[in-house]
Amino acid sequence: MDNDARSGTFITLEGPDGAGKSRQAAALAERLRGLGRDVVLTREPGGTTLGERIRALLLEISSDEHDPISDALLFSAARRRHVGEVIGPALERGAIVICDRYADSTLAYQGHGDGLPIDSLRELTEFATGGLWPVRTVLIDVSAAEGLTRRQMGAAMDMTRFEVADAHGMAFHERVRQGYLDLAAAEPQRWRVVDGAGSPDEVAQRIWSALADLVG
């Protein structure tokens, strides 16, 4: 299940809530398809029948029921099926896989945000994915305040419990953002950090530049 066994290109987009990952992932996929590339666009949690069920369950959990270890295990269960059914087969046929969030979200949210041991979460991720990590991860960086403001301006039905629950206030989101920056700094060969400020087209061009050596 390691990266060397696959001929495709695995790219993930990460960032705090409100960074615009989903929009940018879709724009990137459209641009690459326009160049005739075989592209699979997917997301976490989700991407499979089980993954979507787990996504719904995670969003239904109230702040009173919040347990970081349970969250990490549920995300990892969804990820296991995601790799086996969607990401792995696409990479094996040589496609470009663009995933809106992946394992680094668990490290940032349950690790840096909720305080679970990063090493334990990495071991869990390795076990769940068979050691599959993206070849390139783009961090769309925005401040916690800006990201939450963007989300609150959207539809209420689209808000997740990580964005509205009392257990996930500004301090939590600040830790998540700093966690992402720390992860990127520790592994510069894989990560690229782009400024999430400005128009969607401006951010899209920054992302494209960050991927030019892989897909340009």
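The values are calculated or read from the model by the stated rules, or taken from the named source; none is laboratory data. This structure is a prediction, so every number in the text was calculated from the model and none was measured. Cβ: placed from backbone, ideal geometry, glycine included. Neighbour counts: every protein chain shown. SASA here: full protein model, heavy atoms, side chains in, ligands and nucleic acids out. Shrake-Rupley method; radii C 1.70, N 1.55, O 1.52, S 1.80 Å.
A few remarks follow.
- Subset of region 91-125 [over 16 Å from the mean Cα position of the chain (by Cα) and over 17 Å from ARG43 (Cβ atoms)]: GLU92, ARG93, GLY94, ASP114, GLY115, LEU116, PRO117, ILE118, ASP119, SER120, GLU123, LEU124
- Every pair of residues 6+ apart whose Cβ atoms lie under 8 Å, when the first sits in region 121-150 and is at positive phi while the second is assigned to a helix (DSSP H, G or I) and surrounded by 20 or more Cβ atoms within 10 Å (Cβ to Cβ): GLY130/VAL83
- Subset of region 106-124 (residues that are among the hydroxyl-bearing types (Ser, Thr, Tyr) and surrounded by fewer than 22 Cβ atoms within 10 Å (Cβ to Cβ)): SER120
- In region 1-105, counting only helices (runs of 4 or more DSSP H) that sit wholly within it, the ones holding 3 or more residues that are in contact (Cβ under 8 Å) with a residue 24 or more places away in the chain and open to solvent by less than 10 Å² (accessible area, probe 1.4 Å) span 21-34, 68-82, 88-92.
- Reported count of residues in region 161-190, each being over 12 Å from ALA144 (Cα atoms), at pLDDT below 55 and either crowded, with 16+ Cβ neighbours inside 10 Å or not hydrophobic (A, V, I, L, M, F, W, C) (or both), is 3.
- TRP208 surrounded by fewer than 19 Cβ atoms within 10 Å (Cβ to Cβ) and touching a helix residue (DSSP H, G or I) at 6+ places or on another chain (Cβ under 9 Å): yes
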